[in-house]
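These notes concern the structure reproduced below.
The values are calculated or read from the model by the stated rules, or taken from the named source; none is laboratory data. No experiment lies behind these values; they were computed from the predicted model shown. Neighbour counts are summed over all protein chains in view; Cβ atoms, including those assigned to glycine, are modelled from backbone coordinates with ideal geometry. When the accessible area is computed, the model is the full protein with side chains, heavy atoms only, and any ligands, DNA or RNA have been set aside. Shrake-Rupley method; radii C 1.70, N 1.55, O 1.52, S 1.80 Å.
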Amino acid sequence: METESPANSISTGDSRWSKTRQIVVRCLRLIIVLQCIGIAGRYLWNDLESESHIFEYLRFERGVSENAAQWLDDAGAYLCLVAGIVFAFNMFLRPTSDNPNRARQQGWRKALYWCEFVAAGFVAVWCFANALAHMARGGIYSELAIGEVAVRFTCPIVLMLVIGSQSKRTNMATIMARWVLTIAISATFIVHGFKAIQLHGPFCDLILLSDTQIFQLDLAQPSVETALLFIGWLDILMAIALIFTRYKIIAIYMLLWGLVTSASRMTAFGWVAWPETVIRTANWGGVCVLATMWHWESVLFNSEAETIDVLDD
Amino acid sequence: MFWLTLIPLKTLFYYNQHMHTSKILSTPSSWIVVLLLASLNGSILNGSSNWGKEAELKGTQPAHFRVTWTADPSQQATISWSTAKQASKGLLRYRVKGSTEKFATLAAETGKYIGGEVELYYYHARMKDLEASTAYEFQIFSDQHKSKPMYFVTAPNDDRPLSIFSGGDSRTDREERRRVNTMLAQMVHDSHANKAPQDDIIALAHGGDYIVKGTNLEQWAEWMSANELTIGPTGRMLPIIPTRGNHDGGKIYNNVFGLDSDNKNYYGVNLSSEVRLVTLNTEISTAGSQKKWLVEELESSRPKNRWLIAQYHRPAYPAVKTPGTALQSWVPTFEKYNVDLVCENDGHTIKRTVPIRGNVKDPSGVVYIGEGGLGVPPRKPKPDRWYLQAPGLASSGSHIFIITCESEKLTCKCVELNGKIADEFSLKPRDLKKEVLKKNTKANKKKEAAPAAHAP
C-alpha cells in the first residue's frame, strides 16, 4: 500500500488552504467593491443626491460651513469609490495569491498591496465615522448605529487582517479576523432584530410597500408586526448562536435573510433604490466570508492533523 | 405706552422692507431714535408686561407654558406646564376673557417626564366644551405659586377667514430659535391688531424636530422654555398643532404635548368649518394603519372642507436629501383626494414645489411647501430638481410660512427672520366635480397603480 509522503501531504494541505484563503480575500474584495459602489450610488450618482451623517454632523452639530462639510462629504464618497477601484483591480491581479509575503516583496505588487491596505483602512474609517456621526446626531435608534452597520466597517478591517497576516498558516491575525467578523455580523443582526421587535416603522414599510408594489397580498399592519416580532427574535437568537456555534444552517439563514432584507429596499422603492441594496452587501456577504473562514480553519486543522499522522507513522 | 413705541418701530420695519436700510439709518440721529425706541420697547416687553422672557423653572413654580391642539380646537385645548419639583396640586383657573363670571377650576393630570437625566414634572389641564372663537383667560396654580394671567383663543367653527403659521425644525440653533419665537409672538400680535380678519394667526402647525435628541429631557426643557417666547405682549398664547420629527423619538414627546403614551401622533383637526389640517407621522409605519386612516380621513373630510392641508416631517418632495416613504405611501392618496397644500419639513431649506400629480407637473396637482427653519443652521437647497422649477422655488434661511385661508383663495407667504418675504402665492378652491372627473383619467389611474419610486 502506497503511503503519502509528508512533503506531499503538506503540499496538498497548503494548496487547499491557499485556495480557501483566496476565496476569503476575493469575497471580501467583492463585498467592499459593491459596498463602495453603493456609497457612490447613494451620495454621488443618485439624481436626488443625498449627504451622509458626517455632513449633517459637521454642518448642524459642529457649525462647519456648508461648503466645507459638503466638500468633505463628497471627498469621502469619491475616495470610497477610488478604494473600490483598487479592490476591483486587485481582484484580477491577485497580489496575495499563494504567498502573502511574496506579494509584499515584489515591486508593483507591493505597491498594490499597500494601496489595498490603505484603501481598506479608509473605507473602514469612513463607514465607522458615518455611524459615529449618526450616533452623535441623535434620532430614532441612533444610539445603535455602530452596531447596526458594524459589518460594513468590519469587512475592510477583516480584509486588512487577512492580507496582512504574516504567515501562510493561520495565526492570531486570522483568528482575530474571524472573531471580529463574527461579532460584527452578530451585532448587525441583533440591532436589526431589536428594531424589528420594537416594530420599527420603516421595517414595516419595507414589507408593506414590497407587498403593494410586487406581491399584492394586501397585508395588514398587524400581520406584518406579528411577523416582525418573530423575525426579530429569530435574528437575535441566530446572532447569539453564531457566536457560540458553527452550524451551517445558521449561516444559511443569515445569508438568505441578509440578502432578502437588502433586496427589500428595491422591492419597496423600485430600481432607483439600488444603492440602498448594494450598500448592504456586507450584511449577507459577511456571512459568506465567515462560512468560508470556518471552512478555511477546518481545512487547516485537517491538513495539520494529516501531517502529524504521517509524521508519526 | 406700548403702542406708542410699536408704531414707529413698525414704521421703521416697513421702511426697512421697502427701502434701502442704509438710507433710513444713515444719520446718527436716526440711530439714537432707533436705540431709544428699541430699549423702551424691550423694557415694556420684558418689564411691565413681563412677556418676552421665559419663566423660571424652580421648585414647584410653574413654567414651560404651552397650549396644544390635537382635537377639535373650537371646543378643546390642552394647557400644559412643568415644574422642577412635583407640586401637590396643579390647577388651572379659567374663564371667558373679559367676563365677570366666576373662574372655573380644572385639576391637571400630572406625572414625571419619562427618561432623561433631568427630573421634571408635567401638568396637562384638558379644557373641554369651550365656545368657538372665544378668548379664554387663565392662570396656573401650583402649590403656593401662580403664573401670570395668560389667554388663548379657540378656533372658529364657522367659515371666517383665518391664518396659521406652518414651520418646523427648531432643534439646533437655540439663539436662532429664540429669535424666531420672538418674531412669531410679534407677528401674531400684529395680525390681531388690525381690523383685517383674514390675517389673524390662530395657531402654529409645528412640523417636528423640536430638539436634537428626543430622549433628552434637558433639550426638551430648553425648547419648552424658548416656546414661551411665542407668548404675545398681551399674554396671548400661540397654540401648537404638533408633528413628530425624526429627532423627536422616545416617550417624552407625548408627555410634552399631553398625549397618551400609546398615541401614534397622527390626527386631523378642523381650524374652521372649511379648513381641515391633517397631521401625519413619518416616524412610524407610513404604509400600514396610518395610510388606511389617511384614506378614511380624506374620504370623509374632503367633501366637507374647502381647504384640506396636510403636514408631516420627512418630505416626499425634498429640496435636499432623498424622499421619505411618504412619497410611496401618501402622495397617491393626497392626489386622489385633491389635498390643497402639503407642509413638509426636515430639510432646513425653503421650498415650494410646482403642483404635482402623477409625479409630473400638473396644474391640478398638489403643492408642497416648507422644509423647516425655526432655529436650525440652514442648508443650500438643490434647485435643479424638476419639482422646484418655477413657479416652484428653493431657498434657505430661518423662516415661517403663513397660510391664510379665505373663501376665495388660500394664500401662502413665507417670511424670513429679517422680515423679507421669500415667497408668496395663492391657490384657488378646487372645483371638486372637475377633480373627480380628472381622477378617472388614464394618467391618474396609472399613477395610483404604480406610485413614483424614489430611494428612501
**Request:** Could you look at segment B:336-425 and say what percent of its accessible area is carbon and sulfur, using a 1.4 Å probe and all protein chains?
**Result:** 53
**Asked** Reachable aspartates and glutamates from residue B:102, Cα under 20 Å, same-chain residues fewer than 8 places away excluded?
**Response** B:129, B:131, B:137
**Complete:** Per segment A:6-312, sqrt(5λ) over the Cα gyration tensor eigenvalues, sorted largest first, in Å, gives 36, 26, 16
**Item:** Size of electric dipole in segment B:77-153: Cβ of Lys, Arg +1 and of Asp, Glu -1, about Cα centre, debye, nearest 20
**Value:** 200
**Links that overshoot a 30 Å alpha carbon limit, given the list B:195/B:382; B:112/B:213; B:148/B:409; B:291/B:321; B:304/B:361** = B:195/B:382; B:148/B:409
**Asked** When Lys and Arg each count +1 and Asp and Glu each count -1, what net charge do the other residues less than 14 Å away from residue B:103, Cβ to Cβ, add up to?
**Response** +3
**Message:** How much accessible area per residue does segment B:162-449 have, counting only protein heavy atoms and a probe of 1.4 Å, in square angstrom?
**Reply:** 32
**Item:** 19 Å Cα-Cα reach of residue B:85 towards aspartates and glutamates, excluding residues that sit fewer than 8 places from it in its own chain
**Value:** B:54, B:56, B:109, B:117, B:119, B:143, B:218, B:222
**Fill in**
Bridge orientation stat for segment B:111-237 from DSSP, antiparallel percent rounded to 5, came to 60
**Asked** Please identify the GluC sites (Glu not before Pro) of segment B:88-137 that satisfy two criteria: DSSP loop assignment and at most 13 other Cβ atoms within 10 Å. Which are they?
**Response** B:101, B:117, B:119, B:131
**Message:** Using DSSP to call loops (not H, G, I, E or B), can you name the GluC sites (Glu not before Pro) in segment B:351-412 whose Cβ has at most 13 other Cβ atoms within 10 angstrom?
**Reply:** B:408
**Prompt:** For the pair residue B:86 and residue A:118, how long in nm is the line joining their label points, each one 7 Å along Cα→Cβ?
**Reply:** 6.2
**Complete:** Comparing each residue of segment B:322-336 in the complete protein assembly with the chain by itself (heavy atoms, probe 1.4 Å, ligands and nucleic acids ignored), those losing at least 30 Å² of accessible area are B:322, B:325, B:328
**Prompt:** If one takes the accessible area of chain B alone plus chain A alone and subtracts that of the pair, with a 1.4 Å probe, what total in Å², rounded to the nearest 100, results?
**Reply:** 2800
**Averaged over B:311-321, number of beta-carbon atoms from partner chains that fall within 10 Å** = 1
**Request:** Run through the DSSP bridge list for segment B:162-449 and note the antiparallel percent, rounded to the nearest 5.
**Result:** 60
**Complete:** On the accessible surface of segment B:77-153, probed at 1.4 Å with all protein chains in place, carbon and sulfur together account for a percent value of 46
**Item:** For segment A:248-301: accessible area per residue (Å², 1.4 Å)
**Value:** 38
**Heavy-atom accessible area, 1.4 Å probe, ligands and nucleic acids excluded: residues of segment A:175-221 down by at least 40 Å² from chain alone** = A:205, A:209, A:213, A:221
**Prompt:** Do you know which residues of segment B:180-227 lose at least 40 square angstrom of accessible area in the protein assembly compared with their chain on its own, with a 1.4 angstrom probe?
**Reply:** B:213
